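These notes concern the structure reproduced below.
The values are calculated or read from the model by the stated rules, or taken from the named source; none is laboratory data. Bear in mind that the values here come from a model prediction, so they are computed numbers and not experimental data. Here Cβ is always computed from backbone atoms with ideal geometry, including for glycine, and neighbour counts include all displayed protein chains. Side chains included, ligands, DNA and RNA excluded: accessible areas come from the protein's heavy atoms. Shrake-Rupley method; radii C 1.70, N 1.55, O 1.52, S 1.80 Å.
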Amino acid sequence: MRDALEERGYSEIITPAVEYYDVFAQANPELDQDQMLKIIDKSGRICVARPDNTTPHRAYRGDPVWMTRLCRSACITARRCSVRSPATTATRGEFLQVGAELIGADGLAADKDIL
């Protein structure tokens, strides 16, 4: 998928595996903090193993002057629950997440491009 995105002009973003908890808490409060793998750094700040690969990009978006194509692929750490029985079948692990963003464009042509 990454090769196909790069062939279409998408530039890869490499995101850190561990990020400060605040990045996710402020940018995407819908993420369940109980599902995050937390780590305390040497200064006492709460860090998390990346539970989502897109959240920080939403936090930093402005109004771009030109169209930008970005893509990323990375392992994220999260707890997944079964739809049938969330309480009994939750598992924690790493999952590969691939995503792309087309910033500064909208409409049907932009939708087709990203798809």
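Observations
- Whichever residue in the range 12-39 is of a type outside the set (A, V, I, L, M, F, W, C) and in contact with a Ser or Thr (Cβ under 8 Å, 6 or more places away or on another chain) and, among such residues, is most open to solvent (accessible area, probe 1.4 Å): E12
- Given (1) outside any loop (DSSP other than H, G, I, E, B); (2) farther than 15 Å from I76 by Cβ, number of the condition V48 does not satisfy: (2)
- Residues that are at pLDDT 50 or above and farther than 24 Å from Y21 by Cβ were ranked within the range 40-71; the one that is surrounded by the most Cβ atoms within 10 Å (Cβ to Cβ) is C71.
- Conditions (1) in contact with a strand residue (DSSP E or B) (Cβ under 6 Å, 6 or more places away or on another chain); (2) of a type in the set (D, E); (3) modelled with pLDDT under 80: number failed by E101: (3)
- Residue selected from the range 3-39 under the condition among the β-branched types (V, I, T) and outside any loop (DSSP other than H, G, I, E, B), by the criterion farthest from the chain's Cα centre (by Cα): I39
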